[in-house]
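One structure is given below, encoded as C-alpha cells.
The values are calculated or read from the model by the stated rules, or taken from the named source; none is laboratory data. The structure displayed is predicted, hence computed values, not measured ones. All Cβ positions, even for glycine, are placed from backbone atoms using ideal geometry, and neighbour counts span all protein chains on display.
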Amino acid sequence: MFIRLKPISFYLSIFVLVLVLIPALVVLPYSSKAPQLLEAKPKKMQQKSVETLSSTLAVPVYRTVEEKVEKVPLEDYVKGVVASEMPADFEMEALKAQALTARTYIARMLANKKDVNLPGGAAVTDSILYQVYKSDDELKKLWGSDYEKKMQKITKAVAATRGDILTYDGQPIFASFFSTSNGYTENSEDYWGTKYPYLKSVKSPWDKNTPKFSQKQEIPLLEVESKLGVGIKDNGLIGKVTNRTEGNRIASITIGGKTFKGKDVREKLGLRSSDFTLTRKGNKVIADTKGFGHGVGMSQYGANGMAKDGKNYKEIVKYYYKGIAITAYHPQEEQSTVKK
C-alpha cells in the first residue's frame with residue numbers, strides 16, 4: 001500500500017536521519033574496527049615524566065647466579081647498585097654522587113640495549129662487568145641487623161637525585177667510576193683507547209690517606225713469568241718504565257725484553273692499579289700499587305673526601321666529569337616497563 005507522507009513529516013524524518021548518521025561516520029575511522037588508519041600514522045615518541053618513569057620503567061637485569069632476567073624498577077635498581085658499589089658509611093653527598101652515576105650508567109645502557117648481546121634482552125648483568133647490583137633480600141643477608149640503618153641512608157641519597165642523570169651534549173655520559181686513585185684520575189683514552197671529552201685526568205688528593213691507596217700483593221714468580229711470557233733472572237726491581245700517562249700510571253714498561261702496556265700488565269697479573277712497581281724476592285714477585293681500579297671517571301674515595309671537605313654532590317660529579325650537566329631523565333616510551 002502506498003502511503004503519502006505529509007511534507008512536514010518527511011522533512012522531520014530526514015533531519016533525524018542526518019543527526020544519527022553524521023556522528024557515526026565521524027567516529028568510525030578512529031574506532032577499533034579501523035586499525036589500518038592508526039597504523040598508518042608514525043608512532044610519536046612520548047617522553048615520560050620523572051614520577052612516571054620511577055614507577056613504570058624497569059631495568060632488565062641478567063642475574064648471573066639464577067641465570068635469568070629480572071625486571072627491576074629503575075629507582076630500586078639504582079638503590080641496589082649504590083648499596084653494592086659504595087660503602088653505606090660514606091658521606092651522604094658521596095652517596096648522592098654515586099646514585100647519579102648509577103642512574104646515568106643504566107640510562108645509557110637502556111638507550112643502547114639493542115647493541116648488548118645478553119640473554120633474554122637484558123640491558124646489564126648484576127656483576128662487576130657492568131654495575132654490581134644486589135636485591136633487597138641479598139642485602140638483608142649481607143648486612144644483617146645493619147640493613148635498616150644502611151638502606152635508610154641509601155634510600156635518602158637516591159631520592160635526593162631522583163630522576164636526574166649526567167649528560168654531555170644532551171646525551172647520557174659513560175659514567176665510569178672506580179674505588180681509589182693514585183692521586184690523579186686517568187684520561188679515558190690512556191686506559192681504554194677511547195676518548196671521551198668529559199673523562200679527563202684531574203688531581204684527586206683526597207684518596208691518599210685512605211685504606212686502599214697503597215697495597216702490596218705477592219705473586220708466585222712462575223705465575224708472573226707464565227702470564228707475561230718472559231723470564232725474570234735477577235732479584236730486585238723488575239722492568240723499566242718507558243712512558244707514563246697524564247694520570248701518572250704506567251703507559252708502557254719493558255720486562256724481559258718485551259714491551260707491555262701498563263694496563264695489560266695490570267690485567268694479566270690481577271694488579272689493583274696500573275701504577276705499580278714489581279720486585280723479585282726469591283720465588284715471589286712483590287707488586288706495590290697505588291690506587292685501586294682503572295682510574296677513569298669518579299674516584300669513590302675521592303668523592304667521599306670531597307664530601308668531608310664540604311662539597312655537595314653536584315660539585316663532586318662536575319669535578320670528576322668535565323663539562324657535564326645534571327638533567328632530568330626522559331626515557332622513551334618503548335623502553336622496558338614494569339607490568340602492573
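From the list I128, I173, pick out the single residue that is out of contact with any Gly (no Cβ under 7 Å at 6 or more places or on another chain) and modelled with pLDDT of 95 or more.
I173
When V65 is evaluated against the numbered criteria (1) of a type in the set (A, V, I, L, M, F, W, C); (2) more than 29 Å from K311 (Cβ to Cβ); (3) under 16 Å from the mean Cα position of the chain (by Cα), which criterion, by number, is the only one it fails?
Of the numbered conditions (1) of a type in the set (A, V, I, L, M, F, W, C); (2) more than 29 Å from K311 (Cβ to Cβ); (3) under 16 Å from the mean Cα position of the chain (by Cα), the odd one out for V65 is (3).
Residue under question is A307, and the condition is that it be of a type outside the set (D, E, K, R), surrounded by 22 or more Cβ atoms within 10 Å (Cβ to Cβ), outside any helix (DSSP H, G or I) and in contact with a Phe, Trp or Tyr (Cβ under 9 Å, 6 or more places away or on another chain); does it hold?
For A307, the condition - of a type outside the set (D, E, K, R), surrounded by 22 or more Cβ atoms within 10 Å (Cβ to Cβ), outside any helix (DSSP H, G or I) and in contact with a Phe, Trp or Tyr (Cβ under 9 Å, 6 or more places away or on another chain) - is not met.
For the condition touching a Phe, Trp or Tyr at 6+ places or on another chain (Cβ under 9 Å) and on the phi < 0 side of the Ramachandran plot, what is the one hit in D190, D207, D146, D234?
D207
Given the residues G270, G291, which is the only one that is crowded, with 22+ Cβ neighbours inside 10 Å and more than 18 Å from L100 (Cα to Cα)?
Unique residue meeting the criteria: G291.
Name, by its number, the condition in (1) over 23 Å from the mean Cα position of the chain (by Cα); (2) among the hydroxyl-bearing types (S, T, Y); (3) buried (at least 21 other Cβ atoms within 10 Å of the Cβ) that does not hold for T242.
Against the list (1) over 23 Å from the mean Cα position of the chain (by Cα); (2) among the hydroxyl-bearing types (S, T, Y); (3) buried (at least 21 other Cβ atoms within 10 Å of the Cβ), T242 comes up short only on (3).
Considering only helices (runs of 4 or more DSSP H) fully contained in segment 86-203, which possess at least 3 residues that are closer than 23 Å to V317 by Cα, in contact with a helix residue (DSSP H, G or I) (Cβ under 9 Å, 6 or more places away or on another chain) and in contact (Cβ under 8 Å) with a residue 24 or more places away in the chain?
Fully inside segment 86-203 and qualifying: 92-111, 147-160.
So for segment 309-322 (the condition being under 29 Å from D169 (Cβ atoms) and either of a type in the set (V, I, T) or modelled with pLDDT under 95 (or both)), does at least one residue qualify?
yes
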